[in-house]
Amino acid sequence: DFVAEIAKSVPMDARQIYDLELAVDEALTNVIEHAYEGREDAQVELTVQHEGDHFTIVIAHDGPTFEPGARADVDLKQHVAERRVGGLGLFLMKKLMDDVQYTTGADGRPQIRLMKKHPGGRPPVDASGQG
């Protein structure tokens with residue numbers, strides 16, 4: 001909801017906002033399940049940056065880093081044929097967003113950067129939330 005409310009203030013259509021919400025949900029699910037392994041004391045910091053025609057969501061956490069290059073690309077047909085459950089988070093993020101990066105922030109914490117381009121441009125908006 002946090003991301004969707006901010007995205008509504010920029011020239012994005014409902015589909016773009018849905019894509020953002022789904023990509024953020026997948027990224028947060030991956031952090032919770034894989035980086036934190038369900039720990040209840042874990043926290044994430046979510047920052048939204050809007051500059052020109054770029055809308056960027058940064059998710060910072062205190063879990064271990066993730067190297068997406070270490071994972072093979074998903075063969076969607078095989079995945080469906082085998083009726084696998086899960087394992088599509090990174091695949092979906094890459095399909096829904098214009099850029100997905102796993103980086104390290106200035107504070108040394110792992111980050112997931114999700115960027116979506118949109119038509120037009122407005123003055124920068126910067127907001128953050130922690131949970």
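The values are calculated or read from the model by the stated rules, or taken from the named source; none is laboratory data. Note that this is a predicted model, so its numbers are computed, not measured.
Regarding segment 64-83, can at least one residue be identified that is of a type in the set (A, V, I, L, M, F, W, C) and modelled with pLDDT of 85 or more? Scanning segment 64-83, I find no residue that is of a type in the set (A, V, I, L, M, F, W, C) and modelled with pLDDT of 85 or more, so the answer is no.
Matching residues to (1) part of a loop (DSSP other than H, G, I, E, B); (2) of a type in the set (A, V, I, L, M, F, W, C):
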{"position": "Glu5", "(1), (2)": "no, no"}
{"position": "Pro11", "(1), (2)": "yes, no"}
{"position": "Glu26", "(1), (2)": "no, no"}
{"position": "Val31", "(1), (2)": "no, yes"}
{"position": "Gly38", "(1), (2)": "yes, no"}
{"position": "Asp41", "(1), (2)": "yes, no"}
{"position": "His54", "(1), (2)": "no, no"}
{"position": "Pro64", "(1), (2)": "yes, no"}
